[in-house]
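Below you'll find the structure, written out as structure tokens, and then a few comments.
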Amino acid sequence: MTRTIAVSGTGRARTVPDVADVRLGVVVTRPTVAEARSAAAETSTRILQAFSRVGVDRSDVRTASLIVQPEYDYRDGVQQVRGQSVTHQYLVTVRDLERLGKVVDDGLLAGATSLDGVVFRTADQRPAHGAARSAAFRDARARAKALATEAGVRLGKVLEIAEVEPFAGPRPLGASKLGMISAEAVPTPIEAGEGEVVVSVSVVFAIR
């Protein structure tokens, strides 16, 4: 029977975000669906034009949600429809982070009434995954050597190795319902910070 030492190792690698995903849109309530749809369409068109002026490619803008629903009031315990609401939300991918604050500000100035969050990510995480994977294996080998030393045996070759699905931690910047801002407002400062990729491996070494 082959004697073995089974260990796990973890490696980490820093990433510098170079892409941001922004969820931004408009909510409009009017007496009828037709009126709400028309008002939302007008505002949505202005928002798209604002994105275009800032340099966001149209292929990086997509509709994340389009919802039509009634709005209710309660009078004397009775539910009554007071209007119809249209929500049109976009998911915008910003590939030039220096323009991110401008994208947010100009979208709000164009009439957006909701900003549901900003999530930073690194477009190509393969280099970071590779670095974290190597660090994880070195960590596992170091642990195995330490155990072998404590047991008074010598570490042999690798018999089994498995990688745990890597996790890349995004950097979300939450925001909820926001009103329109004035043209004289201070530009919104948004910082991307750093991300991190974590890889774990399990390794089985033979004992010589």
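The values are calculated or read from the model by the stated rules, or taken from the named source; none is laboratory data. Values in this document were obtained by computation on a predicted structure and should not be read as measured data. Glycine gets a Cβ as well: all are built from the backbone with ideal geometry, and neighbour counts include every protein chain shown. Remember, those area values only see protein heavy atoms, side chains included, never the ligands or the DNA or RNA. Shrake-Rupley method; radii C 1.70, N 1.55, O 1.52, S 1.80 Å.
So here's what we get for this one:
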{"quantity": "Gyration tensor (Cα) of the range 20-100, equivalent ellipsoid semi-axes in angstrom", "calculated": "32, 12, 8"}
{"quantity": "Over the chain, relative contact order from alpha-carbon pairs under 8 Å, at least 6 apart, %", "calculated": "37"}
{"quantity": "Vicinal HN-Hα couplings computed from phi for the range 128-140 (Karplus, 6.51 cos²θ - 1.76 cosθ + 1.60; Hz; Gly/Pro x)", "calculated": "5, 4, x, 5, 5, 5, 5, 5, 5, 5, 4, 5, 5"}
{"quantity": "5 angstrom amide H check on Q84, placed H, neighbours 5+ away", "calculated": "R30, T32, E71"}
{"quantity": "All-pairs alpha carbon distance profile, the chain, 10 Å steps from 0, percent", "calculated": "8, 24, 20, 15, 13, 10, 7, 3, 0"}
{"quantity": "Dimensions (Å) - the range 1-47, Cα atoms, principal axes, largest first", "calculated": "78, 28, 12"}
{"quantity": "Residues with amide H under 5 Å from that of T122, placed H, sequence gap 5 or more", "calculated": "D18"}
{"quantity": "Residue-wise HN-Hα coupling along the range 32-45, computed from phi with Karplus coefficients 6.51, -1.76, 1.60 (Hz; x: Gly, Pro)", "calculated": "10, 4, 4, 5, 5, 5, 5, 5, 5, 5, 4, 5, 4, 5"}
{"quantity": "Whole-Hz couplings from phi, Karplus 6.51/-1.76/1.60, listed for the range 98-110; x for Gly and Pro", "calculated": "5, 9, 4, x, 5, 4, 5, 4, 5, x, 5, 5, 6"}
{"quantity": "Where the chain is the region considered: accessible area per residue in Å², 1.4 Å probe", "calculated": "59"}
{"quantity": "Dipole magnitude of the chain, debye to nearest 20 (Cβ charges: Lys/Arg +1, Asp/Glu -1, about Cα centre)", "calculated": "1080"}
{"quantity": "Cβ-based charge dipole, the chain, positive-most Cα from M1, A40, V164", "calculated": "M1"}
{"quantity": "Accessible surface of the chain, 1.4 Å probe, proportion on carbon and sulfur as whole %", "calculated": "51"}
{"quantity": "Full-stretch length increase - A206, E194 - with 0.36 nm per residue and alpha-carbon distance subtracted", "calculated": "0.5 nm"}
